[in-house]
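I have placed the structure first, in the form of structure tokens, so that the comments after it can refer back to it.
The values are calculated or read from the model by the stated rules, or taken from the named source; none is laboratory data. A quick note: this is a predicted structure, and the numbers were derived from the prediction, not measured. Using ideal geometry, Cβ is built from the backbone for each residue, glycine included, and neighbour counts are taken over all protein chains shown. All accessible areas refer to the heavy atoms of the entire protein, side chains included, with ligands and DNA or RNA removed. Shrake-Rupley method; radii C 1.70, N 1.55, O 1.52, S 1.80 Å.
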Amino acid sequence: MTITIALNTDTVNTLDLSPAHQVINQLLQEGNIASHEQQLSFAIEYTLEPGDPRELSEIPELRLWFVRLDAKYPWLPFLLDWKTGELGRYTAMLVPHQFSAKEGIQYNPEALEIFLMHKIFVLSDWLKQQQIPSQSRLKSMAQMLGYELEDAFFEMF
């Protein structure tokens, strides 16, 4: 079941997180957050000037909204629907990147590594608090972003 957070130009421009709060808080109140793993997506309706060639992740106001969301819910990648590209889009909102016609999105490698390690540590702690097995999930997330994590890495923390 896909769960959608709808954003529009006004919501983004006023940094209004209420659409996300409503959805996420309801999931948390249900008491079984694990049952919603990889089900969350965003429906973004952001008005651009005609002929504006920017991708959504190139719009500073939209990126700022996602930075604010990530500050409130740093464990959100657990809920994102990875199969439909939501993890990649979420990452693009938070990590500097460029678009290439031939190769698609090109993240700044150092920024992506810092982002990934931050998410690994945040999610590891959060998943333990939720009593959800974490190692395979975290390794899968790293793979989605182009990294391989060894089992020994998880023994360090």
Give me a comma-separated list of calculated 3J(HN,Hα) values for region 122-135, in order, Karplus coefficients 6.51, -1.76, 1.60 applied at θ = phi - 60°, integers in Hz, x for any Gly or Pro. 4, 5, 4, 5, 5, 5, 4, 4, 7, 6, 10, x, 10, 4
Nothing charged except the Cβ atoms of Lys and Arg (+1) and of Asp and Glu (-1): what's the magnitude of the dipole of the chain about its Cα centre? Round to the nearest 20 debye. 220
What accessible surface, in Å², does a 1.4 Å probe find on L64, ignoring ligands, DNA and RNA and rounding to the nearest 10? 90
Note the count of lysine pairs whose C-alpha atoms are less than 20 angstrom apart in the chain, limited to pairs 8 or more residues apart or on different chains. 7
Here are a few candidate values for Cα extents along the principal axes in Å: (1) 43, 33, 28; (2) 51, 39, 25; (3) 53, 30, 24. Which one was actually calculated from the structure I just gave you? (2)
Each residue of region 67-78 in turn: what ³J(HN,Hα) in whole Hz from Karplus with 6.51, -1.76, 1.60 and θ = phi - 60°, glycine and Pro shown as x? 4, 5, 4, 5, 5, 7, 10, x, 8, 4, x, 4
What is the gain in length, in nm to one decimal, between Q26 and M117 on full extension, counting 0.36 nm per residue of separation less the C-alpha to C-alpha distance? 29.9 nm
Residue by residue through region 15-32, what is 3J(HN,Hα) from phi via Karplus (6.51 cos²θ - 1.76 cosθ + 1.60, θ = phi - 60°)? Round to whole Hz and write x for glycine and proline. 6, 7, 8, 4, x, 6, 4, 4, 5, 5, 4, 5, 5, 5, 5, 5, x, 10
Of all the accessible heavy-atom surface of the chain, with the other protein chains kept in place and a 1.4 Å probe, what percent is carbon and sulfur? 50
How high is the relative contact order of region 66-127, given as a whole-number percent (alpha carbon pairs under 8 Å, six or more residues apart)? 32
Under the rule of -39500 (n - 2.57) per DSSP H run of 4 or more residues, summed and divided by the residues of the chain, what mean residue ellipticity at 222 nm is obtained, to the nearest 500 deg cm²/dmol? -14500 deg cm²/dmol
Dipole of the chain (Lys/Arg Cβ +1, Asp/Glu Cβ -1, origin at the Cα centre): which of G85, A20, I33 lies farthest to the positive side? I33
Out of all DSSP beta bridges with both ends in the chain, state the antiparallel percent to the nearest 5. 35
Keeping all protein chains in place, calculate the accessible area per residue for region 109-157 (probe 1.4 angstrom), answer in Å². 62
Looking at the chain as a GNM with Cα springs under 10 Å, which of D125, D52, D16 has the largest mean-square fluctuation? D52
Cα centroid separation, region 111-157 to region 1-43 (Å): 22
